[in-house]
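Single-structure report; data block below.
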Amino acid sequence: MTPEGHAPVNPARLRQLQELDQVELCVRILTQSRNELYVNMPFLDLPLSSLGFEADWGRAGLAVDGQLLHYGPDFLFSLYERGRVLVNRAFLHMLLHCLFCHMYIRGSRDKAYWDLACDIAVEWLIDGLLKPCLRVPPSAGRRELYLRLGRELEQKIGRDTALTAQRIYGVLKKMNLDERRFARLAAEFFADSHDLWESEPPSASLPQQNKWQENREKAQSAMEALGGEDPGGGDPLLDSLRVENRERHDYRRFLKKFSVLREELQVDPDSFDYAYYSYGLSLYGNMPLLEPLESREIRRIEEFAIVIDTSMSCSGELVQRFLEETYDVLSESETYFRKVRIHIIQCDDQVRSDTLIADREELRGYMEAFQIQGYGGTDFRPAFEYVTSLKRSGKTPGLRGLIYFTDGKGIYPVKPPPYDAAFVFVESLFSDEGVPPWAMKVVLEEEQEHEY
């Protein structure tokens, strides 16, 4: 007992109570920021409620992993003392990373450049919102970079010039930034650490990515229902949401839409109990109690048609790259059956050729000898009529879909065919206004397309 008759204070317990008080105060700061963002941008209601808060006493900053906003309490206090606007901007900065799935879609891109591109993309959006709760006048360096990026994209794309992370990454890589210039840009746009990105394998993070994609689509719908921030159009956040929500796929995953379920000869390790199998071997020597099945049901691609627009508006170089990507996908044993039936059809205003491909070696030979046949006008109807006639005659019993590689400038069929259909466009050169509602649209980003 102390002289005053009180029990001595346990230092560990005292420190724990102090930390609890600090966490409570930090949660109040972040909750206030979230509420202020909601009042100013109600269309972000669902995304704002999708992030929890987590104190990280060893962190000297902020970070987000797609589920939790991680904060160092001391850093958050110092940020709040400098101004609530800075807390709001940092909160929205991390929320936009999640909304646009930046932590999930880097792929093979250079990490340092990708991190910088993501930070520039979200800061460009925040600077363009012109909200008092977010307003910090952008520096001259920021304004100069935004103008340069905008000019580069306008020359390259000519439309939808929203500064997405993917587009900014492509421009940054071409700028040949020296180490000093890169470090200056990274410091200018830094708001949070990206050390928690990709902390899980892709399969584990897929549910979170799907959640944020759904949040993004709902945010776009809410903005459009409210008339957008700018009724006259040109709202940068709404433009970015529209670009990201457009049918934009990894070509490999997209082709799996045309897969079928079929038995294939191979051991199915999930069809028997290893305990009984091992017990039989130990008991009888060479007689397992249960043999593994020699076949299993798997979902893979078996038969589909690719139509190549060979009108004057589609260059041979783009077609060649598209075929290269198809070859790469065909090389993945987990995507296709050993034998396939792929009709590669060339068509402008009429069907010019139909080549049946049975495996990747045949596709490689086709690409090496590929020559465009056509250069007329663009009419999509003959190709659909031709493939439909093949299916109805029983010549393509396993055909699940048709993929049309084009710039979109042509005459579309009115009625849907008796199979799935998709139009594949390259981002910098396409028109999708006339695509019928029954067809899927896939936009290959210019940067992605150059990686074929």
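Please treat every number below as a calculation from the coordinates, not as lab data. On a predicted model such as this, the values are computed, not experimentally measured, just so you know. As a convention, Cβ positions derive from the backbone with ideal geometry for all residues, glycine included, and neighbour counts pool all protein chains shown.
Points 7 angstrom from Cα along the Cβ direction at Ser193 and Tyr375: gap in nanometres?
6.0
Label-point separation (nm) for Glu362 and Lys441, each offset 7 Å from Cα along Cα-to-Cβ?
Distance between the two pseudo-spin positions: 3.4 nm.
Does anything in the stretch 67-95 have its amide N under 19 Å from the 7 Å Cα→Cβ label point of Trp57, and if so which residues?
70-78
Which entries of Lys174/Lys218; Lys131/Lys218; Lys395/Lys441; Lys173/Lys441; Lys211/Lys441 have Cα-Cα distances beyond 30 Å here?
Correct reply: Lys174/Lys218.
I need the calculated FRET efficiency for the pair Gln18 and Ser49, taking r as the beta carbon distance and R₀ as 35 Å, to the nearest 0.05.
For R0 = 35 Å, the calculated efficiency reads 0.75.
Give, in nm to one decimal, the length gained when the segment between Arg246 and Ile411 is fully stretched (0.36 nm per residue of separation minus the Cα-Cα distance).
Gain on extension, Arg246 to Ile411, equals 57.2 nm.
How would you rank Lys111, Lys173, going from fewest to most other Cβ atoms within 10 Å of each one's own Cβ?
Listing Lys111, Lys173 from fewest to most nearby Cβ atoms yields Lys111, Lys173.
Full extension from Ala112 to Asn176: what is 0.36 nm times the residue separation minus their Cα-Cα distance, to one decimal in nm?
In short, 21.7 nm is gained.
Using the alpha-carbon centroid of each, what span in Å lies between the stretch 116-178 and the stretch 78-107?
16
Report, in whole Å, the centroid distance computed from the Cα atoms of the stretch 360-409 and the stretch 34-73.
49
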